[in-house]
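First the structure, in the form of structure tokens, and then the observations on it.
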Amino acid sequence: MRPPRVAFLAMTVVVTGIASYLAFSPSRAGSPAFWALAAGPPVALAVVAAAWAARDELLREWLSPRWGDFTRGVVGAVGFFALAWAFVRLVTPAGSPREIWLVSLYGQIGDPRVLQAHAPAVAAVVIVVALAEEVLWRGMVTQLLAERVGSHAAWVWAAGLYALAYVPTMWALRAGQGFNPVLAIAALGGGLVWGAMARGFRRLAPGVLAHALFDWAVIMMFPLWGMK
């Protein structure tokens, strides 16, 4: 039995919004509490989504690998990274007042030396969260929205709700008196890119890989703040 559509959509946005605000509050910068709050609620909600999808025989269809998925995932990750890089260069360049958006975000994630020292654990979290968010947002949320607005528009609506869930971080990550929209903007961009992949390929597997590779790249390999 599916959960009530409106109630589950509202719960997903509210729970994610509260968790994202708490995770990105400065007092939790670089702490285990940050990672627990950033990862725990999406995973818990995704378990519900996965159980529903499995009962409706959708989960295997969403996640079963097919030939070419790796290439699609890499291309998706590289494409979104290019968009993120362009945003950084055009909107938050080094030395601009908006550079603080990225400083605050990367400061919240933690000391790069600590992250490198715990690379396997970071990789595990990145993979689990990417899988959870794709099953939840591009899977269940999009499916529930499709029943209301149709499949052609559902992935766009899902991207909007995904971004809305991260709007509270505008307050949590603010520097001085200015709001910090960088994570909400990233969520909207990611929601559109990964939603388009799910729509185009009619499965989640390529988007899961693209999501995980992008997160790993911007956190561990090619951070968007501090690059030359």
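The values are calculated or read from the model by the stated rules, or taken from the named source; none is laboratory data. For clarity, every value in this text was computed on a predicted model and none was experimentally measured. Here Cβ is always computed from backbone atoms with ideal geometry, including for glycine, and neighbour counts include all displayed protein chains. These accessible areas exclude ligands, DNA and RNA; they are computed on the full protein's heavy atoms, side chains included. Shrake-Rupley method; radii C 1.70, N 1.55, O 1.52, S 1.80 Å.
With contributions of -39500 (n - 2.57) from each DSSP H run of at least four residues, the per-residue ellipticity at 222 nm computed over the chain stands at -22500 deg cm²/dmol.
Restricted to Cα atoms, the chain shows a radius of gyration and a Dmax of 17.0, 54 angstrom. In this structure the chain gives 50 Å² per residue of accessible area when probed at 1.4 Å with all protein chains present.
Here the scattering of the range 71-194 is modelled by Debye summation over its C-alpha atoms, one equal scatterer each and no solvent; at q = 0.11, 0.14 Å⁻¹ the log10 of I(q)/I(0) is -0.46, -0.75. By accessible area, using a 1.4 Å probe on protein heavy atoms only, the chain has 71% of its surface on carbon and sulfur. Solvent exposure of Val122, expressed as accessible area, is near 10 Å², computed with a probe of 1.4 Å over the protein chains only.
Positive-end ranking of Trp52, Pro32, Trp194 along the dipole of the chain, with charges on Cβ about the Cα centre, is headed by Trp194.
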